[in-house]
Amino acid sequence: MTDEYAWLINKDDPDTIAYLEAENAFTKQATAHLDGVVETVFQEIKGRTLETDLSVPTRKGGWWYYVRTEEGKQYAIQCRVAADGDTPPDMGDGGPLPGEEVLLDGNELAGDSEFFALGGSAVSPDGTKLAFSTDFKGDERFTLRFKDLVTGETLPDEIPNVSYGGAWSADCSTYFYTTVDEAWRPYRLFRHVIGTPAEEDVLVYEESDERFWVGIGLSRSERYLILSCGSKITSEVRVLDAANPSGEFTLVRERVTGVEYGVDHGPDGFLILHNDGAENFELATAPIGDPGAWTPLIPHREDTRLLDVDAFATHLVVAFRRDGLTGVRVLPRGGEPYEIPFPEPIYTADVGGNPEFSTSRLRLGYTSMVTPPSVYDFDLVTRELILLKQRPVLGGYNPDDYEQHRDWATAEDGVRVPISIVMRKGARDDGPAPTLLYGYGSYEASMDPAFSVARLSLLDRGVIFAVAHVRGGGEMGRRWYEDGKLTRKKNTFTDFVACARHLKAAGWSSAIAARGGSAGGLLMGAVANLAPEEFAGIVANVPFVDALNTILDPSLPLTVIEWDEWGDPLHNADVYHYMKSYSPYENVDGRVYPPILAITSLNDTRVLYHEPAKWIAKLRATAQGGPFLLKTEMGAGHGGRSGRYDAWREEAFTLAWVLDRLGRLDAPGRYEAPAEAVQG
């Protein structure tokens, strides 16, 4: 293939940087008319957010841990206070709690850096040390450091180029961490003894198969370190007594292609969640002395996808998915299992942070498209749901002013595809309303119903927001995912188009704009080629639109790992031709395309900036219609700008562009500014 824009891959070439900066200037000029609405929407997002706030504290040992934010500051502050009983401390006005100890202040760590992110933080089991890692570029290569929580001093130990996560040994003397190879694959596990030079760290495990990555964790019981190796379709796990950090890991069960499993430690041995002969997974038990001998505990069900298991001293908790919705099942030790009921017909419920092994309460998260994120404790004795906090939404938000629905489209092959819909009441009083349709559809990731403060600026201007739960995601179980990957990937794209057409035919929608990011950006590029006439505009965030060229190049980050998801076009001609038939960049033609806004980041290590840059260039050179715009964050990574105010402004820009494409740019919002804000 001839790729006339391949030169854009050279990030170090001054011509590339000049090109991206020129594109930014062009986009700024082309969207200058949006500036007033961008500022208005930004102020709405900011005004609806309680800027000084704190999370519900979580108990671990003798401390309550929480995160808080302060008005005017970009980053969160991690804190703790001494615990007295099982009831979380009063959160007051969101400011510092009495007796507070600051563990990490993201604002101090960030300093004047344009970008800042934490790769993770982990308090040692005895509560005296903190491991944390930082990234100042957005390339997700972190520097690992340690803090003495008794003295407050940062220790001299410093380890560069580590990956996410890590785990402490039971005696808190040793920390395990992973590093990545040139393809950004976590492949090595190291053991670091606190107080020793990083050069003396011991390589514990190295994964030689380029399809597999490595992760490490400490069980909730703090009895076992769990070393996981996984590809997209296969798992292999090893365990080690956490009290013996210099010991050898024990293999649970040897990897078998297509068999995935995870391990947790409970009061009666190991818990194994696996798909060996069980497409939607089943839960098994295994003895400590023979972890590869699995005995079914919750058998496989065709209608229920088991997602995760959490083991506690007196009960097990299983997260599952059924009929497109999430659920939580409790298995008391020696008692009858039961499921926790939730109040709305469309919602998302998940198991929250529960670090204590011995507890009488289960922390849960809950949200819907009209209910702000809520934190509950579920009393395991009384079976009562106790609301601890619902995220405040300022500016006159009333959930009764909005309505959510679940509808179903019929795909080309007759499969019913769920759609989640939210709107302001009365939005369709005068007929179908303009709509923003969102989609993803890869990696079995589910786009479950959830609340968004920023989204209110669309809903209040008469725009419907909908999510197409297309195949390739996990909303309807493992088969839903399998039917939207490899050589069935096109189902993802045709499902999305079917959802768009259904929304119009059923009277929900007039004009439709589409939005997706990362692998959802591939979806955006594919539907732009497949049915450009269906969309009034398309937003593609960090889009994977040069899929074929990327998957053909094993030297690029994550490529070999991704072959289990997309196929291997380098060694399989059938896969090559199939991917070539849908890869967005290869299939741009001379038809009339809708306006397209592509947003990317220069330091993104997952979907490299050159993919949308090449795509937009080819659209301009080949297609009719548009305009086709590229916006590159020159100091950010895959997640975009790191500070919350910067991220809000970026989202305000995107929403203003969508409003313009849907003819609602001049529509008034319904944000009610507080009196002091109006007076000021």
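Observations on the structure shown:
- Taking the criterion of being surrounded by fewer than 22 Cβ atoms within 10 Å (Cβ to Cβ) and assigned to a strand (DSSP E or B), the residues of segment 241-253 that qualify are D241, T250, L251, R253.
- Beta carbons closer than 7 Å, at least 6 apart along the sequence or on distinct chains, pair a first residue in segment 127-138 that is closer than 19 Å to G111 by Cβ with a second that is surrounded by fewer than 19 Cβ atoms within 10 Å (Cβ to Cβ) and β-branched (V, I, T) for S133/T143; T134/T143.
- Test: residue in segment 86-98 that is surrounded by fewer than 15 Cβ atoms within 10 Å (Cβ to Cβ) and on the phi > 0 side of the Ramachandran plot: yes
- Looking only at residues in segment 564-595 that are among the aliphatic types (A, V, I, L, M) and in a loop (DSSP other than H, G, I, E, B), the one that is surrounded by the fewest Cβ atoms within 10 Å (Cβ to Cβ) is L570.
- Residue, surrounded by the most Cβ atoms within 10 Å (Cβ to Cβ), within segment 299-318, restricted to residues that are part of a loop (DSSP other than H, G, I, E, B) and either more than 31 Å from the chain's Cα centre (by Cα) or not polar (S, T, N, Q) (or both): F312
- Selection within segment 461-499 - of a type outside the set (A, V, I, L, M, F, W, C) and touching a Pro at 6+ places or on another chain (Cβ under 8 Å): R461, G462, H469, E475
- Subset of segment 133-190 [basic (K, R) and outside any strand (DSSP E or B)]: K137, R141, R185
Results for (1) among the acidic types (D, E); (2) in contact with a Leu (Cβ under 9 Å, 6 or more places away or on another chain); (3) assigned to a loop (DSSP other than H, G, I, E, B), shown as yes or no for each residue.
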{"position": "R255", "(1), (2), (3)": "no, no, yes"}
{"position": "V263", "(1), (2), (3)": "no, yes, no"}
{"position": "F270", "(1), (2), (3)": "no, no, no"}
{"position": "N280", "(1), (2), (3)": "no, yes, yes"}
{"position": "G289", "(1), (2), (3)": "no, no, yes"}
{"position": "A293", "(1), (2), (3)": "no, no, yes"}
{"position": "L297", "(1), (2), (3)": "no, yes, no"}
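- Taking first residues from segment 573-590 that are among the acidic types (D, E) and partners that are assigned to a loop (DSSP other than H, G, I, E, B), the Cβ contacts under 8 Å between residues at least 6 apart in sequence or on separate chains come to E586/M1; D589/A623.
- Among the residues listed as Y397, Y366, Y376, the single one being part of a loop (DSSP other than H, G, I, E, B) and surrounded by 14 or more Cβ atoms within 10 Å (Cβ to Cβ): Y397
For every residue, the table says whether it meets (1) surrounded by 15 or more Cβ atoms within 10 Å (Cβ to Cβ); (2) at pLDDT 95 or above.
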position	(1), (2)
A621	no, yes
R641	yes, no
W648	yes, no
F653	yes, yes
A656	yes, yes
D660	yes, yes
D666	no, no
Y671	yes, no
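A quick yes/no check of all residues on (1) without any contact (Cβ under 8 Å) to a residue 12 or more places away in the chain; (2) within 22 Å of R664 (Cβ to Cβ); (3) part of a strand (DSSP E or B); (4) not assigned by TED's automatic domain parsing to the domain that holds K631:
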position	(1), (2), (3), (4)
D35	yes, yes, no, yes
V38	no, yes, no, yes
V41	no, yes, no, yes
I45	no, yes, no, yes
E51	no, no, no, yes
V56	no, no, no, yes
R59	no, no, yes, yes
Y66	no, no, yes, yes
E71	no, no, no, yes
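The values are calculated or read from the model by the stated rules, or taken from the named source; none is laboratory data. All figures in this text were calculated on a predicted structure; none of them were measured in a lab. Note: ideal-geometry Cβ built from the backbone for every residue, glycine included; neighbour counts use all protein chains shown.
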